[in-house]
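Before any comments, here is the structure.
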Amino acid sequence: MADQASCSSSTGLLFELGPCNVRDQGKDTEPNPHGWNKQANVLFLDQPVNVGYSYAEGSSDSVSDSVTAAKDVHAFLQLFYARFPTYLKSGFHLSSTDKVVIPLSTVIIGNGLTDPLVQFASVPDYACAPSPYAIFDETTCASIRAKVPTCERLQQFCYSNPSRFTCVPATLYCWSSIYGPIQNANKNPYDVRQGCDRSVNPLCYDEMNWIENYLNREDIRSELGVPSDLKFESCNLDVNRAFQMSGDNMHNSASLIPDILSSGVRLLIYAGEDDFMCNYLGNERWMMALKTEFSDEFQHKAHKYFSRYSLDGSNSTVVKDSKGHVGMVRSAGPGAGNFTFVSLYESGHMVPHDQPEIASELINKWLQNQPLH
């Protein structure tokens, strides 16, 4: 699933980690030699309703919060496994109510926004000097830093009493004050190595337009069984606005993680270091701050290098470390870890696109629970 509630998973399917990538302005596709489908069966889901090709019969079925969206995803999985029972591995079973029990093994989040209170506060540390990723001048940085305390107070209100009335003010203030300056920086917020005129290309990647062209082709629509009146869009701004005005995107999703970990589910958080929107500093900081059964071990573990020892000898992946180090790892637990953070060099928000070999290697090791360092 996409990390934004308003965007289609087709980005992952046709631009990052699927079996093929879109090319030639959407006229064709080509095989992706580093698709994650080589390691696992991969399911790409457009959610919530009205994102991508997903739709509902009436406007009353629209979704504006993660809880409702999660219920729809759970219902979908019940139907999927009922229709395709061959995908039920050992350990899956049907309960007495004829619902599939889904014993989650791992959770993987790439450049996510999980704990806004911690992550918003990290923005000036990431985007201002002396950070190697600094993109703002001193005046802009001083302005952002001055606004962080107010943002934090509003977010604390949202965390303490989550509702539309407490979380929408945090949404409006924090996004405009902390993230607003990136709009005028002529930078791709998902990869600060790249320039971007967002008045011309709001998503900063031509491939997003190519994906729309490809999935709106009549032959592709016919093959997929898409209703004739449904138009594909990579991102639905109406859905995005609805989630913002419910305050949903300021909720503390990290608070759900301790119970997930205690049930035996392993967690991997990875982040490309050139992503401004969900920067790697903030991602590691919320993990450091979270109280879990792995907190003590995680906090006292030193960073170790994630290296491309088992990758092939090609030079198709650009890395900045001549010794073959492609990122940093901090983890708690055996093997690849139960609570693991990986930062990856020379990659932005779209890690599988920017570093396809490395991303594939990371996921392969994670699925096999092999040490990452």
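Specify which residue in the list N209, A134, G195 is farthest towards the positive end of the charge dipole of segment 133-231, using unit charges on the beta carbon of Lys, Arg (+1) and Asp, Glu (-1), about the Cα centre.
Toward the positive end, the furthest listed residue is A134.
Magnitude of the Cβ-charge dipole of segment 253-367, K/R +1 and D/E -1, about the Cα centre, nearest 20 debye?
280 debye
About the Cα centre of the chain, how large is the charge dipole given +1 on each Lys and Arg Cβ and -1 on each Asp and Glu Cβ? Please answer in debye to the nearest 20.
Rounded to the nearest 20 debye, it is 860 debye.
About the Cα centre of segment 1-84, how large is the charge dipole given +1 on each Lys and Arg Cβ and -1 on each Asp and Glu Cβ? Please answer in debye to the nearest 20.
My answer is approximately 260 debye.
With a point put 7 Å past each Cα toward its Cβ, work out how far S199 is from D238 in nm, to one decimal.
Inter-label distance under the simple model: 2.8 nm.
In sequence order, what are the phi-derived ³J(HN,Hα) couplings for segment 113-128 according to the Karplus relation 6.51 cos²θ - 1.76 cosθ + 1.60 with θ = phi - 60°, rounded to whole Hz, with x for glycine and proline?
These are the phi-based 3J(HN,Hα) values: 9, 10, 10, x, 4, 7, 6, 5, 5, 7, 4, x, 5, 7, 9, 10 Hz.
State the answer as a single residue: which of F298, C167, N184 lies farthest towards the positive end of the charge dipole of the chain, with beta carbon charges of +1 for Lys and Arg and -1 for Asp and Glu, about the Cα centre.
Projecting each Cα onto the dipole axis, the largest value belongs to F298.
In nanometres, what is the gap between the two model label sites at L230 and F80, each 7 Å from Cα along Cα-to-Cβ?
Modelled inter-label distance: 1.6 nm.
In whole angstrom, note down how far apart the Cα centers of segment 214-255 and segment 36-83 are.
Each part reduced to its Cα centre gives a spacing of 11 Å.
Under 10 Å, Cα contacts only: if you run a Gaussian network model on the chain, which one of T86, T140, T171 comes out with the highest mean-square fluctuation?
T86
Can you work out the PRE-style zone for L172? Point 7 Å along Cα to Cβ, and I want the residues of segment 241-256 with backbone N under 19 Å.
Once the point is set 7 Å along Cα→Cβ of L172, 241-251 turn out to lie under 19 Å by backbone N, inside segment 241-256.
5 Å is the cut-off here: which amide hydrogens, built 1.01 Å from N in the peptide plane, fall below it relative to N338, excluding neighbours closer than 5 in sequence?
When sequence neighbours closer than 5 places are left aside, the close amide H contacts are A332, G333.
Please compute the length gained on full extension between K71 and Q39, using 0.36 nm multiplied by the number of residues separating them and subtracting their Cα-Cα distance.
8.7 nm
Please report the antiparallel percentage of DSSP beta bridges with both residues in the chain, rounded to the nearest 5.
Of those bridges, close to 65 percent are antiparallel.
No partner Cβ under 4.7 angstrom, meaning no disulfide-compatible partner by this rule: which Cys of the chain qualify?
C20, C278
With the Cα gyration tensor of the chain giving a ≥ b ≥ c as the square roots of its eigenvalues, does the rule (a/c under 1.5 for rounded; else a/b larger than b/c for prolate; else oblate) give rounded, prolate or oblate?
Rounded, since a/c falls under 1.5.
N21's amide H: which non-local residues (gap 5+, or another chain) put their own amide H closer than 5 Å, with H modeled 1.01 Å from N in plane and none for Pro or chain starts?
The list, which skips near neighbours in sequence, is E30, N32.
Under a 5 Å amide H to amide H cut-off, with H placed in plane at 1.01 Å, what residues pair with C128 once short-range neighbours are removed?
Residues meeting the amide H criterion: I135.
In terms of the Cα gyration tensor, with a ≥ b ≥ c the square roots of its eigenvalues, is segment 214-373 rounded because a/c is under 1.5, prolate because a/b exceeds b/c, or oblate?
oblate
Most exposed first by the Cβ proxy, i.e. fewest other Cβ within 10 Å, how do M287, M328 rank?
Lowest to highest Cβ neighbour count: M328, M287.
If r is the Cβ-Cβ distance from R153 to N184 and R0 is 41 Å, what FRET efficiency results, to the nearest 0.05?
The formula returns an efficiency of 0.95 here.
Pick out which of S66, S199, S360 has the largest mean-square fluctuation in a Gaussian network model of the chain, springs linking Cα atoms closer than 10 Å.
S199
Each reported figure results from applying straightforward, stated rules to the coordinates on display, with no laboratory input. If you're wondering where the values come from, they're calculated on a predicted model, not measured in any experiment. No Cβ is skipped: glycine too gets one built from the backbone with ideal geometry, and neighbour counts run over all protein chains shown.
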